[in-house]
Amino acid sequence: MNDNSGMKRGLTSYGDEKFSLYLRKAFIKAMGYSDDALSRPVIGIANTYSAYNACHANTPQIVEAVKRGVMLAGGLPMDFPTISLHEAFSFPTSMYLRNLMSMDTEEMLRALPMDACVLIGGCDKTVPAQLMAAASADIPVIQIVTGPMLSGTHREQRIGACTDCRRFWGDYRAQRIDEAEINEVESRLVPTGGTCGVMGTASTMACMTEALGMMLPGGAAIPAVTAERLRHSEAAGARAMKLTQLKLKPSDIMTAAAFENALRVLLAVGGSTNGIVHIAAIAGRLGIKIDMDAFDRLGSETPVLVDLKPNGQYYMDDLHNAGGMAPILRELKPLLNLDCLTITGRTLGEEIDDYPAAFTQDVVRPLANPIHSGGGIAFLKGNLAGDGAIIKQSAGTPELLVHTGTAVVFDSLEDLATRIDDPDLEVTGDSVLILRNAGPKGAPGMPEAGYIPIPEKLATQGVTDMVRISDCRMSVTAFGTIVLHATPEAAVGGPLALVESGDQVSLNVAERTLSMNVSDEILAQRRAQWSPPESTRAERGYKKLHMEHVTQADEGVDFDFLTQRPFTSSAPLK
Ligand code: FES
């Protein structure tokens, strides 16, 4: 052990290093550790267990398994708590708190003595927060996820959070099922601990993390409640000990080429649009810009291979039984950057060549017979898109992908809630619904509110989709012709701030444009009269920090002082 490893790392500043070590050991010995234990390499374990977070319910067992792996390899495991975020227990929205979790994790990685760390994430914002922290602290790190929940059943239907959450709630609102049944559903939707069992943000991030090389092969899809999840965790503990010898840092692994691989996987699994924002934030910590034009091109050559809800029929436990990431990466192999290093110390190409033998399954399709031919996510430009906006065109109505209509503008989430079902709202099925001031600052926290409901009076006439535009995000489980992430957002004076009800708005996905038929002269007049909404004011605390420093969607909604600028490279590669 050299002088800067193990318990000797990052000594507390007392002006006398020997005193600092003596005091540290005196206190830690109160936990029962021997001199032998304290002389070993130290592996930190970021423990994100929380009584509020069912997606992390198995974290205590994972921590024990990681500890076993570390000790079997001769190290000293030390778990420590960080913030834990659950989607349904984060007011106003978990995205608002993601950067706080990343700061907490980064500072613990820096402050506590450890030679490597195992990060245990799972629920949507936790893995992005941890990888952002890992990129900035740049000490050897392995990412584990808690793993997906098992699917369940309701009256013989197979169900799972959270695709079926919205479906049943829609049935209840439309009185297709009664109160007794929705209560029954509530008790069956989430049958086990673990992350949502569909290709939502958590699963998308898990798959991208494995493709990035920051997770041991096979780790993305193992269900939370299985023995295999614990064996994977034990192996991660042992691997963390190897990392201390290899000194492989996140910046060695998370290169522009590796981010391209991750984005390729996002497209191939039919992943969440939220994944784009998170990858931009993680890459941004390393000075790597996500080039959305290049991402759009990547999409057109990357088909959707995975037949999982919400785009397909299966659940995450089916993907695991079909081989997890192995069949996906094996199919994508001709399109991947195979020289990228992974935390195994080997390249992605070497790992793919070493996968268990392929077998017949129908969850992951071959490249020659995909679920969808590709181009699922398009990047839009124009005088209403500003620096850009995205649309998941594979979820839209084909006839609406080229559409001009009259804008109906809602100034905030509250305004939307108040007026959307007003019988006097001037709206037709051809109108374009616009929600503004719901972006990173406007809401704040860029909530998943982009699925603007169809006005009741149109829904009851049978209208099922309309062009909808906002500066917020959308749950992967929502469908429709929905433009998201308009950047810059309205709350900082982006184009959405200037559009008015009655303006003609045009969407043309084939030409990648989003525009309003308003002259530059009129837009300049409107801009002169614009002022930021009241919701962006903050006097103190975390909200003040957020309002003063949060970046826009194209930069990952990270805080500007946490990013690495100027950008030194971009992904996907040109
Ligand atoms: Fe945690 Fe879906 S709520 S992953």
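Rule-based calculations on the coordinates, nothing more; no lab input. Source: prediction; values computed, not measured. Cβ: placed from backbone, ideal geometry, glycine included. Neighbour counts: every protein chain shown.
Per-residue HN-Hα couplings for region 375-388, Karplus 6.51 cos²θ - 1.76 cosθ + 1.60 at θ = phi - 60°, whole Hz, x for Gly and Pro?
Running phi through 6.51 cos²θ - 1.76 cosθ + 1.60 with θ = phi - 60° gives x, x, 10, 10, 9, 9, 10, x, 6, 9, 9, x, 6, x Hz.
For region 234-335, which GluC sites (Glu not before Pro) pass both filters: DSSP loop (anything but H, G, I, E, B) and at most 14 other C-beta atoms within 10 Å?
E301
Under the rule of at least 5 residues apart or a separate chain, name every residue whose amide H is placed under 5 Å from the amide H of R158.
When sequence neighbours closer than 5 places are left aside, there are no close amide H contacts.
Using amide H atoms built 1.01 Å from N in the peptide plane, name the residues 5+ places from V483, or on other chains, whose amide H lies under 5 Å from its own.
R468, I469, S470
Given R₀ = 56 Å, FRET efficiency for R330-Y172 by Cβ-Cβ distance, to 0.05?
0.85
If you restrict to DSSP beta bridges whose two residues both lie in region 108-258, what percentage is antiparallel, to the nearest 5?
35
Net charge near D339, counting Lys/Arg +1 and Asp/Glu -1 over other residues with Cβ under 15 Å of its Cβ?
Once all neighbours under 15 Å are counted, the net charge is -2.
How much length is gained on full extension from F89 to Y52, taking 0.36 nm per residue of separation minus their Cα-Cα distance?
Extra length from F89 to Y52 when fully extended: 12.6 nm.
How far is helix 520-529 tilted, in degrees, relative to the longest principal axis of the Cα atoms in the chain, given as a value from 0 to 90 rounded to the nearest 10?
It is inclined by approximately 70 degrees.
Would you mind counting up the charge near M114? Only other residues with Cβ under 14 Å from its Cβ, with Lys and Arg at +1 and Asp and Glu at -1.
+3
Please give the length that would be gained between L72 and D421 if that part of the chain were fully extended, namely 0.36 nm times their separation in residues minus their C-alpha to C-alpha distance (nm, one decimal).
Once the chain is fully extended between L72 and D421, it gains 119.5 nm.
If you average the C-alpha positions of region 74-104 and of region 239-317 separately, how far apart do those two centres end up, in angstrom?
So the separation of the two Cα centres works out to 21 Å.
For A30 and L367, calculate 0.36 nm times their separation in residues minus their Cα-Cα distance, and state this gained length in nm to one decimal.
115.5 nm
For region 90-228, what size does the Cα cloud have along each of its three principal axes, sorted from largest down, in whole Å?
55, 35, 22
Quick one: if the Förster radius is 35 Å, what FRET efficiency do E107 and T347 give, using the C-beta to C-beta distance and rounding to 0.05?
Using R0 = 35 Å, I get an efficiency of 0.65.
Could you work out the helix-only [θ] at 222 nm for the chain, with each DSSP H run of four or more residues adding -39,500 (n - 2.57) and the total divided by the number of residues, to the nearest 500 deg cm²/dmol?
Calculated from helices alone, the mean residue ellipticity at 222 nm is -10000 deg cm²/dmol.
So what's the net charge close to A202: Lys and Arg +1, Asp and Glu -1, counting the other residues with Cβ under 12 Å from its Cβ?
Counting the neighbours of A202, the net charge comes to -1.
Sort region 295-350 into rounded, prolate or oblate with this rule: let a ≥ b ≥ c be the square roots of the eigenvalues of the Cα gyration tensor; rounded if a/c is under 1.5, and if a/c is not under 1.5, prolate when a/b is larger than b/c, oblate otherwise.
In terms of gyration-tensor shape, oblate.
Specify the inter-centroid distance of region 416-472 and region 191-220, based on alpha-carbon positions, in whole Å.
So the separation of the two Cα centres works out to 31 Å.
Between Q564 and R158, what is the label-point separation in nm under the 7 Å Cα-to-beta-carbon projection?
Going by the 7 Å Cα→Cβ label model, 4.3 nm.
From the cross-link list K392/K441; K18/K249; K125/K543; K18/K67; K125/K381; K289/K309, which pairs have alpha carbons spaced over 21 Å apart?
Over 21 Å Cα-Cα: K392/K441; K18/K249; K18/K67; K125/K381; K289/K309.
With the crude spin-label approximation of a point 7 Å out along Cα→Cβ, what separation in nm comes out for V402 versus R231?
5.5
Arrange the peptides 202-214, 354-366, 558-570 so that the one whose residues have, on average, the most other Cβ atoms within 10 Å appears first.
Final packing ranking: 202-214, 558-570, 354-366.
Compute the helix-to-body angle for 227-246: its Cα long axis versus the longest principal axis of the chain, expressed 0 to 90° and rounded to tens.
So the helix axis and the longest Cα principal axis differ by about 70 degrees.
Can you pull out the GluC sites (Glu not before Pro) in region 403-512 that DSSP calls coil and that have at most 16 other Cβ atoms within 10 Å?
Sites meeting the loop and neighbour criteria: E426, E500, E511.
Need one word for region 176-316: rounded, prolate or oblate. Basis is the Cα gyration tensor (sqrt eigenvalues a ≥ b ≥ c); a/c below 1.5 gives rounded, then a/b vs b/c decides.
oblate
Taking the Cβ-Cβ separation of R540 and D387 as r and a Förster radius of 30 Å, what is the calculated FRET efficiency to the nearest 0.05?
Efficiency at R0 = 30 Å is approximately 0.50.
Give me the percent of DSSP beta bridges within the chain that run antiparallel, rounded to the nearest 5.
45
Just to be sure I understand the model, the point goes 7 Å from the Cα along the line to the Cβ. What's the resulting N517 to Y14 distance in nm?
Here the answer is 7.6 nm between the modelled labels.
To one decimal place, what Kirkwood hydrodynamic radius in Å is obtained for the chain from all pairs of distinct Cα atoms?
Result for the chain, one decimal place: 24.5 Å.
In degrees from 0 to 90, rounded to the nearest 10, what is the angle of the helix 59-72 Cα long axis to the longest principal axis of the chain?
Computed tilt is about 30 degrees.
Quick one: what are the phi-derived ³J(HN,Hα) couplings along region 77-85, Karplus 6.51/-1.76/1.60 with θ = phi - 60°, whole Hz, x for glycine and proline?
Result, ordered by residue: x, 9, 8, 9, x, 9, 3, 10, 10 Hz.
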